[in-house]
Amino acid sequence: MNAVLKFLVALVALTAALNVFAAADLEVNTPGVNAIKQSMQARHAQLAGHYTSGAVGLTADGLIALRDAGAVPLAQRQAVNALVAAENNDRNALYAEIANVNGHPEWQAEIRSTFAQRWIQRAQPGWWVQSGGAWRQK
Amino acid sequence: MKKVWVALPLAAFALSACVTINIYFPAAAAEKAADKIIEEVWQTQQDKPAANQPDVKETK
C-alpha cells in the first residue's frame, strides 16, 4: 500500500510538471516565421488602401478575400487578385509554420482560428470583416 | 501484492491522461503570439506610430 501511495505522489508531481510544460509559450521567433512576416509586412503597404476602400476584407478563416470587385478599377483588378492570392499563400504558410516549429502540426487549424479572431479584432474602423458568414464594416 | 495489479493499470491510465493534457492547444499563448505578429505586419499603417513594441518582447 505504501508503494502505491508513493507512486501516486510521483504521479501528481509528474502531472504538475507536464502542466507547466503545456503552459509554455508558442515559439514564433524563427527564421521561417520571420521571413513570412516580413513578406506580409511589405505587402501590407499595398493592401491597406484596399482594406479601407472595402475592396478587400478579412475572412472568418484567417485569410483575406476580394469582397467588392467594383471598388477596384478594372485595370487594377488583376493586380489586386494577385495581391490577395499572395497574401493568402503567406498566411497559410504562416499558420503551418508556427504549428510545425512548435512540434504540433495538428495545431494548425486552431492557430488559424486564433489568428482569424485577432486579425478581425484588431482591424481598423472602416475595414470589412466576415462574421457569421456575412460581411460587416468595423 | 494483489492491489498492485489494480493500481498499475489505473496509474497507466492516469499517466496517459497527463500526456493528453500536454498536447492541449495553448490558446492564451497562441493569442499572444498572434497579436505580436499582427502588430508587426500591420505596423506600417499610418495611425500606429510604432510606440507599442518595447514591452511585448519581454513577456515570457
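Values in this text are rule-based calculations from the coordinates and carry no lab data. None of these values were measured; they are calculated from a predicted model. FYI the Cβ positions are ideal-geometry reconstructions off the backbone, even for glycines, and counts take in every protein chain you see.
A simple spin-label model places the labels of A:Ala13 and A:His104 2.6 nm from each other, with each point 7 Å out along Cα-to-Cβ. Helix A:2-22 and the long axis of chain A differ in direction by around 20°, with both axes built from C-alpha atoms.
Electrostatic tally near A:Arg43: other residues with Cβ closer than 9 Å to its Cβ, Lys and Arg +1, Asp and Glu -1, net -2.
Counts of other chain beta carbons within 10 angstrom of each beta carbon in peptide A:56-68 average 0.
The angle between the Cα long axis of helix A:74-101 and the longest principal axis of the Cα atoms of chain A comes to about 10 degrees, rounded to the nearest 10. Shielding by partners for peptide A:113-122, expressed as the average number of C-beta atoms from other protein chains within 10 Å of each residue's C-beta, is 5. Residues A:Glu27, A:Glu87, B:Glu40 in ascending order of nearby Cβ atoms (within 10 Å, fewest first): A:Glu27, B:Glu40, A:Glu87.
Between A:Gln78 and B:Ala11, the modelled label-to-label distance comes to 7.1 nm, taking each label 7 Å out from Cα in the direction of the beta carbon. Springs between Cα atoms under 10 Å define the GNM used for chain A, and in it the highest mean-square fluctuation of A:Ala75, A:Ala13, A:Ala86 occurs at A:Ala13. Here the Karplus relation 6.51 cos²θ - 1.76 cosθ + 1.60, evaluated at θ = phi - 60°, turns the backbone of the stretch A:131-138 into coupling constants of 9, x, x, 10, 7, 9, 9, 6 Hz, with x for every Gly and Pro.
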